[in-house]
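The block underneath contains the structure these notes are about, expressed in structure tokens.
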Amino acid sequence: MRHVPAGASLLEIGAGHGVFSTLARAAGARRVVAVEPDLRKLRAIDGVDVVGGYDACIRGAFDAVAVVDVLYKIPLGEWDALLEGIAARVKPGGLLLIKEHDPTARVKNAWNRLQERLASALGLTLGESFSYEAPHDFAERLRRHGFEPQPPRRIDFGYPHPHVLYLAYHRG
């Protein structure tokens with residue numbers, strides 16, 4: 001939450017049950033829009049505009065966009081289109097915050113893949129893909145889409161999953 005600018009307008013893509021959006025609003029985001037295609041996960045959240053659908057149904061520009069544990073469920077070949085859409089929604093100088101998994105952390109990544117296969121088999125999540133990209137390669141992908149990424153940050157100490165945080169500012 002400390003990376004979301006105070007008073008920012010925030011779009012969360014793939015918001016799930018809205019935990020990140022709820023915390024961002026509580027931390028001082030001025031306007032929060034949570035978009036989620038899995039209608040089973042939607043619920044009203046005080047101070048958050050919850051929208052059922054995909055990111056294309058949202059218009060306007062935001063100070064920040066968050067994508068938390070979403071990319072891995074989207075085929076790698078579709079990431080560039082998603083990032084182009086995000087670049088069109090982030091104001092110049094705005095923040096893109098992405099949390100994903102680091103496939104180079106072999107043991108933790110194997111555990112994550114097992115858990116996600118089980119979640120998919122039980123129908124708990126949309127998407128069938130397990131797409132991952134090494135942090136260095138993903139940072140380069142962000143650059144190609146007009147973002148200036150900070151060095152990727154491993155945020156998985158004490159967790160069984162290989163969490164990595166990407167913060168990137170839109171060059172506009």
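Points worth noting:
- Within the range 114-146, if we keep just the residues that are open to solvent by 70 Å² or more (accessible area, probe 1.4 Å), within 17 Å of Asp69 (Cβ to Cβ) and part of a helix (DSSP H, G or I), the residue that is modelled with the highest pLDDT turns out to be Leu118.
- Condition met for Ala56 (at pLDDT 95 or above and of a type in the set (A, V, I, L, M)): no
- Flag set for Leu97, criterion: modelled with pLDDT of 90 or more, buried (at least 19 other Cβ atoms within 10 Å of the Cβ), under 27 Å from Pro160 (Cα atoms) and not basic (Lys, Arg).
- Residue in the range 77-95 that is among the basic types (Lys, Arg), under 13 Å from the mean Cα position of the chain (by Cα), outside any loop (DSSP other than H, G, I, E, B) and closer than 13 Å to Ile13 by Cα present: no
- The residues in the range 34-48 that are acidic (Asp, Glu), over 17 Å from Leu83 (Cα atoms) and within 17 Å of the chain's Cα centre (by Cα) can be counted, and the count is 1.
The values are calculated or read from the model by the stated rules, or taken from the named source; none is laboratory data. From a predicted model like this one, the values you see are computed outputs, not experimental measurements. Please note: Cβ atoms are built from the backbone with ideal geometry, for glycine as well, and neighbour counts cover all protein chains shown. With ligands, DNA and RNA removed, areas are computed over all heavy atoms of the protein, side chains included. Shrake-Rupley method; radii C 1.70, N 1.55, O 1.52, S 1.80 Å.
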